[in-house]
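A short worksheet on the structure shown next.
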There are 2 protein chains.
Amino acid sequence: MLNRPRVIVNGEIMEAANASLLISDLAIQRGYGVFDFFKTINGSPIFLEDHLDRLYRSAENMHLDFGFDRHSLKAILFELISINDMPQSGVKITVTGGYAADGYTLDKPNLLITQQPLVLYNDANTPPLKVVSYEHQRQMPHIKTIDYLMAIWLQPFIKQNKADDVLYHNNRLITECPRSNFFIVTNDGVLVTPVSNVLYGITRTQILRHFKHLCAIEERNISLEEVCHAKEAFVTNSSKNILPVIKVDEHFIGNGETGPLTLKIKKELLELIASETSNAVFFR
Amino acid sequence: MLNRPRVIVNGEIMEAANASLLISDLAIQRGYGVFDFFKTINGSPIFLEDHLDRLYRSAENMHLDFGFDRHSLKAILFELISINDMPQSGVKITVTGGYAADGYTLDKPNLLITQQPLVLYNDANTPPLKVVSYEHQRQMPHIKTIDYLMAIWLQPFIKQNKADDVLYHNNRLITECPRSNFFIVTNDGVLVTPVSNVLYGITRTQILRHFKHLCAIEERNISLEEVCHAKEAFVTNSSKNILPVIKVDEHFIGNGETGPLTLKIKKELLELIASETSNAVFFR
């Protein structure tokens, strides 16, 4: 593993300390860009095709033709992963609006790829989460844009409320946390996750795709009230897999401990990820 | 005037071609930042104190303590204006979330100041505007953040609709255009502008502060329907002052030409700006 991990800016590999964008870029001027993020384990990208599908979908939706087809993008991704040689990592691909002479009009996008060491989460280093609810609807929720204005702004609010993260709701229907999808287990043992106005996370997709044998699964609206009376709750995202949620605002979920279905799904998810690692076909 | 205008990054004056931010900045990673923009005429900043009031308010609201008090900020602003020596210009001050090791947590903000030549608008080069309405509520509308995700994304939509700009509405109550405030003149000759969920523009503020002798002025909700039946309409912003609006969606406003009250307010606004120029007290 390199002491100073390399990054890629528009196809060029360099040290992170040299990786910059001119200040005319529309990410800096207008907060305009999309990204995706996947992890690698022992050099194998996890659920890479799903992440690339979403990246190209996000970019196309936002009029960002960044000039790398899937083949070329994979080639530089694997080159970076090979050079940096990190045992576990998070890889982030960002596409910005490009250098705008007038500070407003889209130009040739800039493509940034960064890789950072990732601490893999396990029960020992991740206590269950407490979340605080907040009314906010993300704009363009289905697209993975770089807009985390509200999420970053809410950091002090989360601290003040002695919580670990914020759970957005829209007129008391919950949507998602800023970087993860939300699931509950009802008292009837049904796994439910919001269907509207959320980003479809890749871990969320895996659960809906592969784990129907474990329990009934529903995608539908969930009120804050229903969350507070749920038997179990957890969040999912690509870096942390599954994290149990034991408190929402003032309400403990279930008996305030990680629930059995949460543990069962987590176990199968880790197995699925492990099979991704061993099945991974390297590009070169 | 310099061939290649200088800019300032964190207090250091440099050519724009060298002005960059590391890609770990939270504007690039998370679309996090605020800005303000004022114009200069013959080297005099117009309504500078109002713009600086708003900049410091935006920065404080967004937890961005950028380390320049008003005195030091003015000093470098006037140094830049003096060096670039542009007859007319737009000056943009941007404060970003800073370099975040984890790509998420606010750090020491970066301060960017750019200056560009500004074509002063007059009747000859600015035909009246046609706007198309679109349902969207900006997040944190009172704060001048860098979030123009929806505005940039809508550029093709505006073109498709043969319009010049978009007029946001929230459940059919109009709010603002992405970079300007909206005013109508009712059939009773009352000047009205939305009061809720909008950014309070500095030109808007000048009109409310100084022009009560010209007509009755109201700040209140305005429905899209009321706009379509208005006698006159115009938008205001700091670079273009006042631009008449003659069409909203399929509806012509009044008789489809610039209205008399619009012209009267524009005349007085230009006089107010001229007095700013001659009254301007230079910092050094």
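Candidates in the stretch B:141-154 are the residues that are more than 7 Å from chain A (Cβ to nearest Cβ) and not small (Gly, Ala, Ser); of these, the one that is farthest from residue A:34 (Cα to Cα) is B:142.
Going through (1) surrounded by fewer than 17 Cβ atoms within 10 Å (Cβ to Cβ); (2) at pLDDT 95 or above; (3) within 14 Å of chain A (Cβ to nearest Cβ) one by one, residue B:179 falls short only on (1). Quick one: how many residues across the stretch B:26-38 are of a type in the set (D, E, K, R) and farther than 30 Å from residue B:88 by Cβ? Total satisfying the criteria: 1. Residue A:55 meets the stated requirement of being crowded, with 17+ Cβ neighbours inside 10 Å and away from chain B (no Cβ under 14 Å).
Residue B:83 meets each of the listed conditions (1) surrounded by fewer than 18 Cβ atoms within 10 Å (Cβ to Cβ); (2) under 18 Å from residue B:58 (Cα atoms); (3) of a type in the set (Val, Ile, Thr) apart from (2). Annotation note: Cβ proximity below 8 Å between a residue of the stretch A:198-222 that is touching a residue at least 24 places away in the same chain (Cβ under 8 Å) and under 24 Å from residue A:148 (Cβ atoms) and a residue that is assigned to a helix (DSSP H, G or I) and of a type in the set (Val, Ile, Thr) (sequence gap 6+ or interchain) occurs for A:207/A:265. When residue A:166 is tested against (1) part of a loop (DSSP other than H, G, I, E, B); (2) more than 9 Å from chain B (Cβ to nearest Cβ), only condition (1) is not met.
Determine if the stretch B:114-127 includes at least one residue that is over 18 Å from the mean Cα position of the chain (by Cα), part of a strand (DSSP E or B) and away from every other protein chain (no Cβ under 11 Å). No, because not a single residue in the stretch B:114-127 is over 18 Å from the mean Cα position of the chain (by Cα), part of a strand (DSSP E or B) and away from every other protein chain (no Cβ under 11 Å). The requirement of being assigned to a loop (DSSP other than H, G, I, E, B) and outside the structural domain of residue B:252 (by TED's automatic domain parsing) is fulfilled nowhere in the stretch B:145-153; no residue meets it.
Every residue, every condition in (1) in contact (Cβ under 8 Å) with a residue 60 or more places away in the chain; (2) touching a helix residue (DSSP H, G or I) at 6+ places or on another chain (Cβ under 7 Å); (3) more than 7 Å from chain A (Cβ to nearest Cβ), yes or no:
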residue	(1), (2), (3)
B:11	yes, yes, yes
B:15	no, no, yes
B:18	no, no, yes
B:21	yes, yes, no
B:26	yes, yes, no
B:31	yes, yes, no
B:35	yes, no, yes
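Rundown of residues vs (1) at pLDDT 95 or above; (2) in the same structural domain as residue A:33 (by TED's automatic domain parsing); (3) of a type outside the set (Gly, Ala, Ser); (4) in contact with a Pro (Cβ under 9 Å, 6 or more places away or on another chain), yes/no style:
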{"position": "A:61", "(1), (2), (3), (4)": "yes, yes, yes, no"}
{"position": "A:66", "(1), (2), (3), (4)": "yes, yes, yes, yes"}
{"position": "A:72", "(1), (2), (3), (4)": "yes, yes, no, no"}
{"position": "A:76", "(1), (2), (3), (4)": "yes, yes, yes, no"}
{"position": "A:90", "(1), (2), (3), (4)": "yes, yes, no, yes"}
{"position": "A:99", "(1), (2), (3), (4)": "yes, yes, yes, no"}
{"position": "A:102", "(1), (2), (3), (4)": "no, yes, yes, no"}
{"position": "A:109", "(1), (2), (3), (4)": "yes, yes, yes, no"}
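Every test in (1) closer than 30 Å to residue A:35 by Cα; (2) touching a residue at least 12 places away in the same chain (Cβ under 8 Å) is passed by residue B:186 save one, and that test is (1). Please find, within the stretch B:63-80, the residue that is farthest from the other protein chains (Cβ to nearest Cβ) out of those that are more than 14 Å from residue B:93 (Cβ to Cβ) and in contact (Cβ under 8 Å) with a residue 40 or more places away in the chain. Among those residues, the one meeting the criterion is B:65. Residue A:85 meets each of the listed conditions (1) within 13 Å of another protein chain (Cβ to nearest Cβ); (2) in contact (Cβ under 8 Å) with a residue 60 or more places away in the chain; (3) over 28 Å from residue A:152 (Cα atoms) apart from (1). Going by the conditions given, is residue A:43 away from chain B (no Cβ under 14 Å) and at pLDDT below 95? It is true that residue A:43 is away from chain B (no Cβ under 14 Å) and at pLDDT below 95. Here B:225, B:250 are screened, and the one residue that is over 29 Å from residue B:36 (Cα atoms), in contact (Cβ under 8 Å) with a residue 40 or more places away in the chain and out of contact with any Gly (no Cβ under 7 Å at 6 or more places or on another chain) is B:225. Taking residues in the stretch B:96-113 that are more than 7 Å from chain A (Cβ to nearest Cβ) and in contact (Cβ under 8 Å) with a residue 60 or more places away in the chain, and partners anywhere that are among the aromatic types (Phe, Trp, Tyr) and outside any loop (DSSP other than H, G, I, E, B), the pairs with Cβ atoms closer than 9 Å and at least 6 places apart or on different chains are B:107/B:99; B:110/B:99.
When residue A:239 is tested against the conditions (1) exposed (fewer than 15 other Cβ atoms within 10 Å of the Cβ); (2) in contact with a strand residue (DSSP E or B) (Cβ under 9 Å, 6 or more places away or on another chain), the lone failure is (1). Has the stretch A:118-138 got at least one residue that is at pLDDT 95 or above, in contact with a helix residue (DSSP H, G or I) (Cβ under 9 Å, 6 or more places away or on another chain) and within 27 Å of residue A:43 (Cβ to Cβ)? No, the stretch A:118-138 contains no residue that is at pLDDT 95 or above, in contact with a helix residue (DSSP H, G or I) (Cβ under 9 Å, 6 or more places away or on another chain) and within 27 Å of residue A:43 (Cβ to Cβ).
The values are calculated or read from the model by the stated rules, or taken from the named source; none is laboratory data. Since this is a predicted model, take the numbers as computed values, not measurements. Because the Cβ atoms are built from the backbone with ideal geometry, glycine has one as well, and the counts that use them run over all protein chains shown.
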